[in-house]
Amino acid sequence: MPNAKSHVRVNCLLILVALLGVLVVPNLAAAQQGACCQFNGCVLRNECECKSRGHAFQGVGTACSPNPCAGIQFGACCFGVAPQVGCFFTAQSTCTQIGQQQGIGTSFQQGQTCTSGAAPCFSVIRTGACCCSGACVETDPAVCLYAGGVYHPNQLCLGIQYACCDAATGQCTLTNACGCAGALGSGTTCTPNPCPQPPVGTCCAGVACSQVIQANCGGSWTQGGSCSPNPCSQPTGVCCLNGLCSVTTLSACAGNWGGAGTTCINTPCGTCCSAGGCAFTTQNICGGLGGAWSNGGSCTLTPCGACCAGANCTYVTPPLCAGAHAPGLTCSPNPCPSLGACCTGNTCTYITQAQCGGFWFGAGTTCSVQITLDCLNGPLGACCNSLGFCSITSQSACPPGDPWHLNTQCSAGLCDPLGACCHGAAGACSTLTQSGCNNLGGTWLMSGNCQSLSACFGACCDLANGACTFTAISRCATSGTQVFAGYGSGCSHATCDAFGACCEDATGTCSLTTAAGCIRGAPTTYLGTGSVCAPNPCPQPLEACCTYCGRRCQLVAPGVCTPRVGILLPAGSACAPDPCEAICCGLPGMPPVLTTQAQCLPGATWWPLKPPGSTISTGVQCIFDFLADYFGSSMKADCDGNCSLTVNDLFCFLARYFSGCGC
């Protein structure tokens, strides 16, 4: 028999187990629970765990409220046959049921514990791990058997762990005796992994194939095999590519796939216009892109483009366009205000003028029926008739000889009529428009034709004898009595009698013209019809002359102011104020300067006169120039200013020369 200390130690353990409970590992399988009556109250447990603890199980599904445990008596239960006698603190009903189930004698002492007094059933207590649906309770084998658990003799619920193998994954975990059905035994570890590895097989999860163990397969699994080629069943659906619809698998579709189970009847392909451009796809996919879809067609046959209804723009295919359609253009920015009909070859397109390589009808025009028919006739252009009218036609429709301008609109000046242009001193003839003739400074004859030899002929009137000749301008003499009446003019009294002499008042020149032609920008005087210019009847204007004699400006008749008399000023010059200039010098420290007499300083000498803007020379050439004027009797050598040439003028010059006045 064990000594009293051993009994106390063993029974203390039993009481501790009974009063405080034991370690329970996580359930391996869910178990149904019910009310479990302990000596100090009611808790919910499964049946095995409740009974293995020595408590009274009230049945699956029973509850602790209201409390079903009132009246249940707890005490020391003695069972077994010496020397295998045990003591267990439990309910009286449980003590009776253990004896009946095990076929052993039991005795119950109410209110007693296995440590109180000298209980008759004290002996060696057999304790081991009892596994109840994953829960572990350290108890006697008879109690474990009664509870329906699995008993592991001499094992504890705490402190000892075992290597546990998961047959499905081949993974190893450490657990207690109750935590694993495949525990490898006491002392085993997971390093290295002692678990047998499951085979790898082919896993089909939908259409995706992978090589994994069966536990990691989310679909159908077959041991062994390969994913190349893919053994998984591939669903078929619509494949939209290059305007064609076919039914194939996703992996075999090089275009847009419509989804599993779709067909070309219930899910047709069409043209989709979206922000990403044009795509040939299904209506559902197009809707997801936020695009506009039209059945059939293709991005080539029915391309996306800007659809213009006035200035409003939408990006659609031609079948969806209620206005004019411009293929290839988008609505950002809006091109509609600048689009128009363009004929290129025999085809009409709706594009901008910059894009048009043919005839453009203008912004706002469309490829109407009439414009489309016009395009069918070939390249278009502006056809100009002889009267200057313009029309848009093909080249074949433009009458022979009429100018035709390829891809050109009718515009102002384009179809100016052609005529004979007589130009140049010889009266050359060129077939030009009126503006072209004006650029040459010629005379334009609308009805003229340069193919005629007399196209640029006209009346040559001799006002002295009344004769008239129809000839070229180059053959009409300019002797002062003959005048060319104009290109295309004819010999008649009405033509020749209209001419007379016209005098330029400022210059005194004479020309033969009409009374109307004599009215010009400068003052003129018309001497009447029939008057002639030979001899010149016009008053001649006076000329401004800086005379050497007197050294001042005078207005003289033409031809009077010779180089010996003075310096002739430019035509139109006036003598007030006096513009004549000479060398001013003779004062101490004063350099010679060319100036007017009014600007010359008092006391200085003012000689000789020189043309305005001349330079002053002080070299020896001055001596030779003076002697040439002096012996040539030119009044330019009149140095002393007495309007005569004497020896005094020679001395006067030498004095000025050696004083540095120059010439």
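Structure data summary
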item	result
Tally of residues being without any contact (Cβ under 8 Å) to a residue 24 or more places away in the chain, farther than 22 Å from Ser435 by Cα and open to solvent by less than 60 Å² (accessible area, probe 1.4 Å) across the stretch 373-396	2
Top-ranked residue in the stretch 604-636 [being part of a helix (DSSP H, G or I) and aromatic (Phe, Trp, Tyr); ranked as least open to solvent (accessible area, probe 1.4 Å)]	Phe626
Residue in the stretch 205-220 that is touching a strand residue (DSSP E or B) at 6+ places or on another chain (Cβ under 6 Å), of a type outside the set (A, V, I, L, M, F, W, C), surrounded by 13 or more Cβ atoms within 10 Å (Cβ to Cβ) and touching a residue at least 40 places away in the same chain (Cβ under 8 Å) present	yes
Output for the stretch 535-556, where each listed residue is of a type outside the set (Ser, Thr, Tyr), in a strand (DSSP E or B) and surrounded by 19 or more Cβ atoms within 10 Å (Cβ to Cβ)	Glu543, Ala544, Cys545, Cys546, Cys553, Gln554
Pair list, Cβ < 6 Å and 6+ apart or interchain, from the stretch 600-615 residues that are more than 17 Å from Arg564 (Cβ to Cβ) to residues that are among the charged types (D, E, K, R) and open to solvent by 40 Å² or more (accessible area, probe 1.4 Å)	Pro612/Glu581
Tally of residues being buried (at least 18 other Cβ atoms within 10 Å of the Cβ), of a type in the set (A, V, I, L, M) and assigned to a loop (DSSP other than H, G, I, E, B) across the stretch 499-534	1
Residue in the stretch 89-108 that is hydrophobic (A, V, I, L, M, F, W, C) and in contact (Cβ under 8 Å) with a residue 60 or more places away in the chain present	yes
Residue in the stretch 181-188 that is in a loop (DSSP other than H, G, I, E, B) and farther than 14 Å from Ala168 by Cα present	yes
Some residue of the stretch 312-321 being touching a Cys at 6+ places or on another chain (Cβ under 6 Å), free of Cβ contacts under 8 Å to residues at least 24 places away in the same chain and in a loop (DSSP other than H, G, I, E, B)	yes
In the stretch 34-53, residue nearest to Cys114 (Cα to Cα) [restricted to those that are at pLDDT below 90 and open to solvent by 70 Å² or more (accessible area, probe 1.4 Å)]	Phe39
Residue match in the stretch 529-539 (condition: touching a Cys at 6+ places or on another chain (Cβ under 7 Å) and in contact (Cβ under 8 Å) with a residue 40 or more places away in the chain)	yes
Candidates Ala56, Ala63, Ala70, filtered to the one that is buried (at least 17 other Cβ atoms within 10 Å of the Cβ) and among the small types (Gly, Ala, Ser)	Ala56
Among the candidates Thr352, Thr271, Thr282, residue that is over 30 Å from Gln234 (Cα atoms) and either of a type outside the set (Lys, Arg) or open to solvent by 30 Å² or more (accessible area, probe 1.4 Å) (or both)	Thr352
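The values are calculated or read from the model by the stated rules, or taken from the named source; none is laboratory data. From a predicted model like this one, the values you see are computed outputs, not experimental measurements. We place every Cβ from the backbone using ideal geometry, glycine too, and count neighbours over all the protein chains shown. Surface areas here come from the heavy atoms of the whole protein model, side chains and all, with no ligands, DNA or RNA. Shrake-Rupley method; radii C 1.70, N 1.55, O 1.52, S 1.80 Å.
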